[in-house]
Each structure stands twice: as C-alpha cells, then as structure tokens.
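Enquirer: Once you've had a glance at the structure underneath, I'll fire off some questions.
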Amino acid sequence: MTLTCAAILFDVDGTLIDSTPLIEWAAREWAADYGIDADEFLSDAHGRRTSDRVADFLPPDQVRAATEHLDALEATRTDGITALPGVLDLLADMNGLPWALVTSMDRGQLATRAEVTGVPLPSVVITAEDVARGKPDPSGYRLAAERLGVDPADCVVIEDAPAGIAAGRAAGATVLAVATSHDPTELTGAHHAIPNLTHISP
C-alpha cells in the first residue's frame, strides 16, 4: 500500500507513545476522589482532552479544578511511559516529509513524555491549549495543516482511537489507524489500518 501526501499529522498518546499504565492509575486515583466510576470514566477516555472527559462527569463549575487535579496526578509519575514499536526509527528518518503532532495532552504533559521516551518534537505541535474543542472535533488537525502550509485533504492522519479517527476524517484527511490501543473492529472509521508503525516508511 502506498499513500501519497504532502504531510503526516500524528496523534501522540497511543500512536507514538504508550502512557496507558500512567493514565489508568491516575484516572482511578482521581475517580475515587470524586466518587466516579473509574471504569466508566476510562471507557471513553482515549484520544480526548482531559477537560472534555471531566466535563462528561462533573458540573461546569468543578471542571477546571478537577481537570487540574487529574493533570497533577499524571505529572507525579513517568514510569511505564514508552515509545511504541517503530516510532523512533520512523521519526528519525522522515526524508524531508513535513509532519506535525496533534495531541489531546497539554504542553507540559507532551514535553515530559517526549523527553522520557526520546520522541522528537517537530516545529508544528498542536496541544489541548491550542483548540477550543478537542477530538472528535477536527480543529486540531485543520490547524496543524494550516501551520504546515498544506491542505488537510493532502495530509495523512495517523491515529489509534475512534475520536481521533473521526477528527481526521472530518478535517478531510486520509486516516491511517494503528491497532495499538483498540481492537481493529473499533477502527473501521479509518481509511486504512495497520498493526503499528513498524509497518510504514515515509
């Protein structure tokens, strides 16, 4: 399979970096503090901004403080965070192809996880603070394409979660899913799917 594009727009958590152990630990600690069912909270957490997830469970006047609390919990640990298979080799040899990151993490979280894993940061990085609405809204992917100076329709979005797949498609991009965090049956919204990033080259 060959995909022609002007740029690649990568999701981060679950696509380039695996933070699952940390995210689940922090979510369970946080949920206990607020009397929320942790399994229910985690069931639709992947690929979405923390503030958007929190807003599904708490009234508006509590969202900001509760979001900061969950972010603070995640910031206390870095153990278990790893780069996913094929990621470092791929990003070290992009052959001049423009690329960007579009993540639901905030800038502090991204910086910490990139440092721990060795994942490089490109010139264009879109984080939770850069958009008014998180995935599945397409704003992040559209903004990344704009900052790269390319049409979203000429981009390939690489995602691991249904919310991100929906965002990429809504932006007008071709979406390639990696089955690193979800069963392939949950990734049918993507145009194409592969097991992980060891299977592609720029």
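The values are calculated or read from the model by the stated rules, or taken from the named source; none is laboratory data. Predicted model only: the values in this text are computed from it and were never measured. Neighbour counts are summed over all protein chains in view; Cβ atoms, including those assigned to glycine, are modelled from backbone coordinates with ideal geometry. For accessibility, only protein heavy atoms count, side chains too; no ligands or nucleic acids. Shrake-Rupley method; radii C 1.70, N 1.55, O 1.52, S 1.80 Å.
Enquirer: Express the carbon and sulfur contribution to the solvent-accessible surface of segment 1-160 as a percent, rounded to the nearest whole number, probe 1.4 angstrom. The partial results should precede the final answer.
Expert: Working: 3560 of 7340 Å².
Answer for segment 1-160 is 49 percent, counting heavy atoms of protein chains only.
Enquirer: Nearest 10 degrees is fine. How inclined is helix 139-148 to the longest principal axis of the chain, computing both from alpha carbons?
Expert: Value to nearest ten degrees: 40.
Enquirer: Using helices alone, what [θ] at 222 nm do you get for the chain, with -39,500 (n - 2.57) per DSSP H run of 4 or more residues, divided over all residues and rounded to the nearest 500? List each step's numbers first, then the result.
Expert: Values: 8 runs with 80 residues, N = 202.
-11500 deg cm²/dmol, from helical runs alone.
Enquirer: Right, another one. Nearest 5 percent is fine: what portion of the DSSP beta bridges confined to the chain is antiparallel? Intermediate results must be reported in sequence, preceding the final value.
Expert: Numbers: 2 of 19 bridges.
The antiparallel proportion sits near 10 percent.
Enquirer: Next up: Hey, what did segment 151-202 get for relative contact order, percent, Cα under 8 Å, at least 6 apart? Mind showing how you got there, number by number?
Expert: Numbers: 84 pairs, mean separation 17.2, N = 52.
Rounded, it is 33 percent for segment 151-202.
Enquirer: Sticking with this one: In whole Å, how far is the Cα centre of segment 124-147 from that of segment 151-165?
Expert: The distance from the Cα centre of segment 124-147 to that of segment 151-165 comes to 11 Å.
Enquirer: Only four residue types carry charge here, +1 at the Cβ of Lys and Arg and -1 at the Cβ of Asp and Glu. Report the dipole size of the chain about the Cα centre in Debye, rounded to the nearest 20. Don't jump to the answer; show the numbers that get you there.
Expert: Numbers: 13 positive and 31 negative charges, 109 e Å.
Dipole magnitude for the chain comes out near 520 debye.
Enquirer: Whole-Hz ³J(HN,Hα) for each residue in segment 74-80, computed from phi via Karplus 6.51 cos²θ - 1.76 cosθ + 1.60 with θ = phi - 60°, x for glycine and proline: what do you get?
Expert: Running phi through 6.51 cos²θ - 1.76 cosθ + 1.60 with θ = phi - 60° gives 5, 6, 7, 9, 10, 5, x Hz.
Enquirer: Once amide H atoms are built 1.01 Å from N in the peptide plane, which residues 5 or more positions from residue 7, or in another chain, come under 5 Å H to H?
Expert: Amide H to amide H, under 5 Å and 5 or more residues apart or across chains, residue 7 pairs with 156.
Enquirer: Over the chain, calculate the relative contact order: mean separation of alpha carbon pairs under 8 Å at least 6 apart, over the residue count, as a percent.
Expert: Working: 364 pairs, mean separation 54.2, N = 202.
Taking the mean separation of contacting Cα pairs over the length of the chain, I get 27 percent.
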